[in-house]
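**Q** Mind looking over this structure? Questions follow.
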Amino acid sequence: MLGAVSPALGWGAIAVSNLQASRFGYGFDHPTKESAEQRALAECGRGCKVVVTFPSGCGAYAYGNYKGERDYGIGRGPTRAKAEDDALDDCEFALWAECKIKVWACNGN
């Protein structure tokens, strides 16, 4: 069909089962936020929740545990490195300790 343009895919989402992200799921390159969230939740399983969505680029989830205190951080960015850096900064600012990336996902753009 002349002049037809397929919709740009680009929504992503990350879902986790709990603070430690024992189970997780992600969706990327979805045409809508809702479909990315549904994919992430379906992949993660029962009792999970969406913690980050991103309309383009990448998303990441970090977790830390320091002397019994636990926290997490989320990040978004145009690259995996930027999303991970933001998630680590978010987590480490809240916890004042080192955190680790648990899951990340990127859209193909």
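Each value in this text was obtained by applying a stated rule to the coordinates, not by laboratory testing. The structure presented is a predicted model; accordingly, all values stated were derived computationally and were not measured. Heads up, the Cβs are rebuilt from the backbone with ideal geometry, glycines too, and the neighbour counts pull from every protein chain shown.
**Q** Checking the condition touching an Asp or Glu at 6+ places or on another chain (Cβ under 7 Å), under 18 Å from Ala15 (Cβ atoms), assigned to a strand (DSSP E or B) and of a type outside the set (S, T, N, Q), which residue from Gly75, Gly64 passes?
**A** When all the criteria are applied, what remains is Gly75.
**Q** Test Gly64 against the stated conditions and say whether it is touching a Cys at 6+ places or on another chain (Cβ under 7 Å), surrounded by 15 or more Cβ atoms within 10 Å (Cβ to Cβ), within 16 Å of Asn18 (Cβ to Cβ) and without any contact (Cβ under 8 Å) to a residue 60 or more places away in the chain.
**A** So Gly64 passes the test.
**Q** Same structure again: Looking at the range 18-53, which of the residues that are in contact with a helix residue (DSSP H, G or I) (Cβ under 6 Å, 6 or more places away or on another chain) and part of a loop (DSSP other than H, G, I, E, B) is surrounded by the fewest Cβ atoms within 10 Å (Cβ to Cβ)?
**A** Residue satisfying both the conditions and the ranking: Arg23.
**Q** Those residues that are under 17 Å from Asn18 (Cβ atoms) and of a type in the set (Phe, Trp, Tyr), I need them from the range 67-109; list them, please.
**A** Selection gives Tyr72 alone.
**Q** Taking Trp104 as the residue in question, decide whether it is among the hydrophobic types (A, V, I, L, M, F, W, C) and within 9 Å of the chain's Cα centre (by Cα).
**A** Yes: the conditions hold for Trp104.
**Q** Suppose the filter is assigned to a helix (DSSP H, G or I), among the basic types (Lys, Arg) and either out of contact with any Lys or Arg (no Cβ under 9 Å at 6 or more places or on another chain) or crowded, with 21+ Cβ neighbours inside 10 Å (or both); does Arg70 pass it?
**A** no
**Q** Does Gly108 count as crowded, with 19+ Cβ neighbours inside 10 Å and on the phi < 0 side of the Ramachandran plot?
**A** no
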